[in-house]
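Below: one structure, written as structure tokens.
The values are calculated or read from the model by the stated rules, or taken from the named source; none is laboratory data. Note that the structure is predicted; figures quoted are calculated from it, not measured. Quick reminder, even Gly has a Cβ in these numbers, built from the backbone with ideal geometry, and neighbours come from all protein chains shown. Remember, those area values only see protein heavy atoms, side chains included, never the ligands or the DNA or RNA. Shrake-Rupley method; radii C 1.70, N 1.55, O 1.52, S 1.80 Å.
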Amino acid sequence: MRDFLRYVEDDLVVIEEWLSPEYEVPAVLQELDRPIVFEGVEGYDIPLVGNLCCRREYLVRAMGAESWDDVLWKLAEAMDSPKEPRRERSPSFLEVERGPEFLEEFPMCRFYRTDGGPYLTASLIVAVEPEEGIPNASVHRMMYLGDGKFAVRIVPRHLHRYYEKADNDLPIAVCLGVDPRTMFACCARVPYEVSELDVAAAFWEDLRVYEVDYDIPIPAESEIVMVGRLTPEHAPEGPFVDVTRTLDERRHEPVFEVEKVYTREDPYHPIILPGGEEHRIMMGGPAEATILAHVSRVSEVVKVRLTPGGGRWLHAVVSIRKRTEGEATNAGLAALAAHPSLKHVVVVDEDVDPDDPEQVEYALATRFQADRDLHVVRGLGSTLDPSAEEGIMAKAVFDATAPVEERELFEVVEVPVSDRVRRILDELP
């Protein structure tokens with residue numbers, strides 16, 4: 001994370017005035033779209049860091065990429081060709097070792113008045129598959145219960161299967177202050193037999209890991225590492241404001257009991273504002289890369305975007321170089337298969353920019369007929385859509401592409417601009 005701060009230092013804001021971690025720090029994150037270090041956290045000595053990736057350009061810059069699309073293709077390639085990360089011998093987080101009592105000195109935020117409790121929102125959990133030894137690294141929200149215990153929201157994917165295989169008693173390491181490039185890659189949706197840490201190592205070459213207690217490999221750049229077990233105990237977790245900025249339901253989730261805490265001498269604690277732009281970018285960006293990889297198997301993809309209006313989670317626009325009729329439908333269905341939470345997919349031609357809502361709407365207005373180009377399916381979707389019925393939703397593909405044989409009839413006509421006219425325009429005050 002400290003290395004990443006170099007890439008955002010020109011925009012970095014340092015706030016020294018004392019602010020409460022209850023609502024006040026989150027309010028600044030909400031109102032300011034710049035990276036922020038909170039040096040004065042009321043009642044605590046550990047500074048908070050937020051909004052590190054509140055703009056896509058920060059990840060683009062840190063990756064040395066030309067554009068956001070380059071970042072997505074890089075992640076798609078890493079998912080296809082993961083590699084084992086290099087090992088670190090003496091990570092900085094080993095400087096201090098404490099017990100669970102350290103958590104009383106540790107600032108945790110209440111972001112919204114509806115929150116079920118104080119939360120960790122930038123926590124990367126690493127566990128090892130009990131039978132095959134595959135490391136899993138995934139981001140999970142954690143609600144503090146007190147006495148060194150957290151209720152951890154675990155969706156029914158890889159970590160949940162590890163937990164069940166371990167008879168509900170699973171050793172884990174919770175890493176805080178992980179480089180956003182590692183976090184981004186570890187949010188990728190990969191097969192069960194693939195480790196997200198291997199994807200992260202292929203995504204950016206500087207990733208190194210170190211094995212802590214229980215032989216768990218974790219990112220060596222971590223600022224704070226909590227080691228313990230996901231226990232058979234369950235506790236209420238939530239409500240929590242999720243990426244759509246609506247309330248996720250309250251559930252009974254496994255309890256993580258902290259046994260040991262490692263930290264730097266002067267650690268930073270990173271936080272992500274739930275429902276904020278950083279949350280959407282870090283959660284939605286890897287989903288865009290997954291959609292990109294899947295759709296590219298059935299069509300030539302130009303660009304994939306999860307839209308702001310869909311919380312960068314429920315709605316996608318996919319532009320393709322269409323060669324045959326029916327190709328757009330296949331592209332839309334591939335997007336739905338790649339990202340199960342997806343609700344609506346608009347497929348457009350290569351001349352339509354998915355980043356421009358006006359261009360997308362124009363394509364819908366002039367290239368789409370509902371009785372011919374709307375394809376509706378019903379299936380498992382996202383519980384983050386409050387209109388879904390227990391996660392079941394109607395999904396739709398909008399084919400807003402022009403017919404291949406009559407493409408010229410749908411092209412937007414513009415007046416030609418000569419070099420002389422361009423020169424005159426450029427010289428105007």
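What percent antiparallel are the DSSP beta bridges of the chain, to the nearest 5?
Percent antiparallel among DSSP bridges in the chain is about 75.
Compute the signed sum of charges (Lys and Arg +1, Asp and Glu -1) over the other residues within less than 9 Å, Cβ to Cβ, of A328.
Values: positive: K322; negative: E325, E327, D349, D373, D399.
Taking every other residue near A328 into account, the sum is -4.
A 1.4 Å probe, protein heavy atoms only, puts the accessible area of T383 near 70 Å².
For region 10-74, the Cβ-based charge dipole about the Cα centre amounts to some 380 debye (Lys, Arg positive; Asp, Glu negative; other atoms uncharged). When the surface is traced with a 1.4 Å probe over the full set of protein chains, I46 keeps roughly 20 Å² accessible. Normalising the average separation of contacting C-alpha pairs (under 8 angstrom, six or more residues apart) by the number of residues puts the relative contact order of region 280-429 at 20 percent.
Restrict the search to region 203-312; then list the GluC sites (Glu not before Pro) that DSSP places in a loop and that have at most 11 other Cβ atoms within 10 Å of their Cβ.
Values: sites: E205, E211, E221, E223, E233, E237, E249, E257, E259, E265, E277, E278, E288, E300; in loops: E205, E221, E223, E249, E265.
Here the GluC sites (Glu not before Pro) that fit, given the DSSP loop and packing criteria, are E205, E265.
The mean sequence distance of close C-alpha pairs (under 8 Å, at least 6 residues apart), as a share of the length of the chain, puts its relative contact order at 14 percent. In order along region 73-80, phi translates into HN-Hα couplings of 5, 4, 5, 4, 5, 5, 5, 7 Hz, rounded to whole numbers, per the Karplus curve 6.51 cos²θ - 1.76 cosθ + 1.60 with θ = phi - 60° and x for Gly and Pro. Does region 308-368 classify as rounded, prolate or oblate by the C-alpha gyration tensor (a ≥ b ≥ c root eigenvalues; a/c under 1.5 gives rounded; else a/b over b/c gives prolate, otherwise oblate)? Verdict is oblate for region 308-368. Where only DSSP H runs of four or more residues are counted, the chain gives -7500 deg cm²/dmol as its mean residue ellipticity at 222 nm, each run worth -39500 (n - 2.57). Within the accessible area of region 361-429, the carbon and sulfur atoms contribute 55%, probe 1.4 Å, all protein chains present.
For D11 and S90, calculate 0.36 nm times their separation in residues minus their Cα-Cα distance, and state this gained length in nm to one decimal.
Taking D11 through S90 to full extension adds about 25.3 nm, to one decimal.
Dipole magnitude of the chain about its Cα centre, charges +1 at Lys/Arg Cβ and -1 at Asp/Glu Cβ only, in debye to the nearest 20? The dipole magnitude comes to about 820 debye.
Just check region 69-139 against the gyration tensor rule for me: Cα atoms, a ≥ b ≥ c as the square roots of the eigenvalues, rounded for a/c under 1.5, and otherwise prolate or oblate depending on whether a/b exceeds b/c.
Oblate, since a/c reaches 1.5 and b/c is not below a/b.
Rounded to the nearest 10 degrees, the inclination of helix 327-338 to the longest alpha-carbon principal axis of the chain is 10 degrees. Is the shape of region 1-101 rounded, prolate or oblate, going by the alpha carbon gyration tensor and its root eigenvalues a ≥ b ≥ c, with a/c under 1.5 for rounded and a/b larger than b/c for prolate? Since a/c reaches 1.5 but b/c is at least a/b, the shape of region 1-101 is classed as oblate.
Remark: region 56-71, residue by residue, has Karplus-estimated 3J(HN,Hα) of 4, 4, 5, 5, 4, 5, 5, 8, x, 9, 7, 7, 5, 5, 5, 5 Hz, where x stands for each Gly or Pro and the curve is 6.51 cos²θ - 1.76 cosθ + 1.60 at θ = phi - 60°. A DSSP coil position with no more than 16 other Cβ atoms inside 10 Å describes the following GluC sites (Glu not before Pro) in region 356-400: E390.
Sparsely packed loop sites in region 105-177 (the trypsin sites (Lys or Arg not before Pro) outside DSSP H, G, I, E and B with at most 13 other Cβ atoms within 10 Å) comprise R113, R157. Of the residues S138, S222, the one with the largest accessible area comes first in the ranking S138, S222, computed with a 1.4 Å probe on protein heavy atoms. Measuring with a 1.4 angstrom probe and ignoring ligands and nucleic acids, H339 comes out at about 10 Å² accessible. Strictly over 25 Å apart at the Cα level, which of K74/K303; K83/K343; K83/K260; K74/K322; K165/K343; K303/K395 would you flag in this model? Result: K83/K343; K83/K260; K165/K343 exceed 25 Å. Please list, in chain and number order, the residues 5+ apart from A188 or on another chain whose amide H is under 5 Å from its amide H, with Hs placed from the backbone. Those lying under 5 Å, H to H, from A188: there are none.
Ranking of E95, E196 by solvent-accessible surface, largest first: E95, E196 (1.4 Å probe, protein heavy atoms only, all chains present).
Give me the net charge of R61's neighbourhood, meaning all other residues with Cβ under 13 Å from the Cβ of R61; Lys, Arg count +1, Asp, Glu -1.
Working: positive: R6, R55, R56, R181; negative: D3, E9, D10, D11, E57, E66, D70.
Here the count lands on -3.
Can you put C187, C175 in order of accessible area, largest first, using a 1.4 Å probe? If you can, show how the numbers build up before the last one.
Values: C187 50, C175 0 Å².
Result, largest first: C187, C175.
Label positions at E358 and A65, each projected 7 Å from the Cα along the C-beta direction, are separated by 2.7 nm.
Counting Lys +1, Arg +1, Asp -1, Glu -1, what net charge surrounds K260 among other residues with beta carbon under 10 Å of its beta carbon? Let's see the in-between values first.
Values: positive: R98; negative: E97, D213, E259.
So the environment of K260 carries a net charge of -2.
For region 206-337, a crude dipole built from +1 on the beta carbon of Lys and Arg and -1 on the beta carbon of Asp and Glu, taken about the Cα centre, is about 960 debye to the nearest 20.
Computed from backbone phi with θ = phi - 60° and the Karplus coefficients 6.51, -1.76 and 1.60, the 3J(HN,Hα) list for region 399-415 is 8, 9, 9, 7, x, 4, 6, 10, 4, 5, 6, 10, 7, 6, 8, 10, 5 Hz; x is used for glycine and proline. Around the amide H of V209, modelled in the peptide plane, lie the amide H atoms of R86, R87, E88, A220, all under 5 Å away and 5 or more residues distant in sequence or on another chain.
Between D351 and D371, what is the FRET efficiency for a Förster distance of 22 Å, r being their Cβ-Cβ separation, to the nearest 0.05? Please list the in-between numbers first.
On the way: r = 25 Å, r/R0 = 1.12.
Plugging the Cβ-Cβ distance into 1/(1 + (r/R0)^6) gives 0.35.
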